[in-house]
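Report on the following structure.
The values are calculated or read from the model by the stated rules, or taken from the named source; none is laboratory data. Everything quoted here is computed from the prediction, not taken from an experiment. Please note: Cβ atoms are built from the backbone with ideal geometry, for glycine as well, and neighbour counts cover all protein chains shown. Protein only, heavy atoms only, side chains kept; ligands, DNA and RNA dropped before computing areas. Shrake-Rupley method; radii C 1.70, N 1.55, O 1.52, S 1.80 Å.
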Amino acid sequence: MNPLTSVRGSIATGFVVALLVSLLIGPTGFMELGLARWLHVLSGVMWIGLLWYFNVVQVPALAEAAVDKGGPGGAGISKYVAPRAMFWFRWASLATWLTGAWYLLRAGNFAGAFMLGLGSNPTNYYQLIIGIGAWLGTIMLFNVWALIWPNQKKILGLVPASDDEKTRARKVALYASRSNFVLSISLLLCMGSASHGLPF
Ligand code: HEM
C-alpha cells in the first residue's frame, strides 16, 4: 500500500528517509544531543507552524466567514479543521518543551538556563540566551494547556458551554494565542542565537 495516502504512513516514511540520509552521510556515532535537537526542531516546527496558521489564517478566515452573510460560513473549519489542528498543536507544544529540557539536562545546562546564567562570572551568555528562550517557551506552553485548549474545547462544542461562556472563551483563547504569536518571534531569536550568536 502507498504510505503517502495516510498521515501516519507519511510520517513513518519521513523517518525512514531521514535514517537513509544519515546512513548516506556515514556513521558518526550515536549523538544523544543531536537526537534531542532534531526531535526538538521537528516538534517545534509543528507547534510554531500551527500557532502561526491559527493567527494568520484560521482566525482571520473565521472572522471573514462570520460577516459574509451569503457565504458558506465557518462551520466546516470548526468541525473538521480546528479539532485536528488543536490535537497536533497541543501535543507538539509538550513534545517541544520535553525535548528542549532533555537537551538542557543532557548538556548540564538545565538549572543554569532557567536561572538565566545568573551567578556565573563572567556571564554565561549561552545559558542567558537559551534560558530566555526556555522561559518564553514555558510561558507559551502554559498558555496552550491552561488557557487556549480549555477555552477552545468550549468554543468547538467539545464540552458544554453557554453562549456567554463561549463569548468569554473566544476572547481568552484569542489573546492567549496572539500573545504566543508575539512571544514566538523572540523565542526563535533565542533558539537560533544561543550557540550561533545574536544577529544584532
Ligand atoms: C516554541 C517553542 C520552541 C521552538 C520552536 C524551539 C526551536 C528551536 C530550534 C529551531 C532550535 C535549534 C537552534 C539551532 O540549532 O541553531 C532550538 C534549540 C534549542 N532549544 Fe528550542 N525551541 C522551543 C522551545 C524550547 C524550550 C521550551 C526549551 C527548554 C525547555 C528549548 C531548549 C532548546 C535548546 C537547549 C536548544 C539547543 C541550543 C543550542 O545549543 O544550539 N527550546 N530550539
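What does the accessible area of residue 10 come to, in Å² to the nearest 10, when a probe of 1.4 Å is used?
Near enough 50 Å² of accessible area.
What are the chymotrypsin sites (Phe, Trp or Tyr not before Pro) within segment 13-82 that DSSP puts in a loop, where the Cβ has at most 13 other Cβ atoms within 10 Å?
In loop regions of segment 13-82 (DSSP not H, G, I, E or B), the sparsely surrounded chymotrypsin sites (Phe, Trp or Tyr not before Pro) are 30.
What whole number of Å gives the distance from the Cα centroid of segment 137-151 to the Cα centroid of segment 7-62?
Taking the Cα centre of segment 137-151 as reference, the centre of segment 7-62 is 22 Å away.
For segment 128-174, what does the relative contact order come out to in percent, with C-alpha contacts under 8 Å and a separation of six or more?
It rounds to 36 percent for segment 128-174.
For segment 74-200, take every pair of Cα atoms, bin their distances at 5 Å starting from 0, and report each bin as a whole percent.
Calculated over all Cα pairs of segment 74-200, the distribution is 2, 10, 17, 19, 15, 11, 9, 7, 6, 3, 1, 0 percent.
If I compute solvent accessible area with a 1.4 Å probe over the protein chains, what percent of it on segment 119-195 is carbon and sulfur? Could the numbers behind the result be given before it?
Numbers: 2670 of 4260 Å².
After summing per-atom areas, the C and S share lands at 63 percent.
Any idea of residue 6's accessible area? Nearest 10 Å², probe 1.4 Å.
The accessible area comes out at roughly 40 Å².
Tell me, what is the percent relative contact order of the chain, built from C-alpha pairs under 8 Å that lie six or more residues apart? Numbers along the way, then the final one.
Values: 176 pairs, mean separation 38.4, N = 200.
Relative CO of the chain lands at 19 percent.
What is the distance, in nm, between label points placed 7 Å from the Cα along the Cα-to-Cβ direction at residue 21 and at residue 159?
3.9 nm
Quick one: among 130, 139, 148, which has the greatest mean-square fluctuation in a GNM of the chain with alpha-carbon springs under 10 angstrom?
139
Just 140, 46, 31 to compare: in a GNM of the chain, with alpha carbon springs under 10 Å, which one fluctuates most?
Evaluated over the chain, the most mobile residue of the options is 31.
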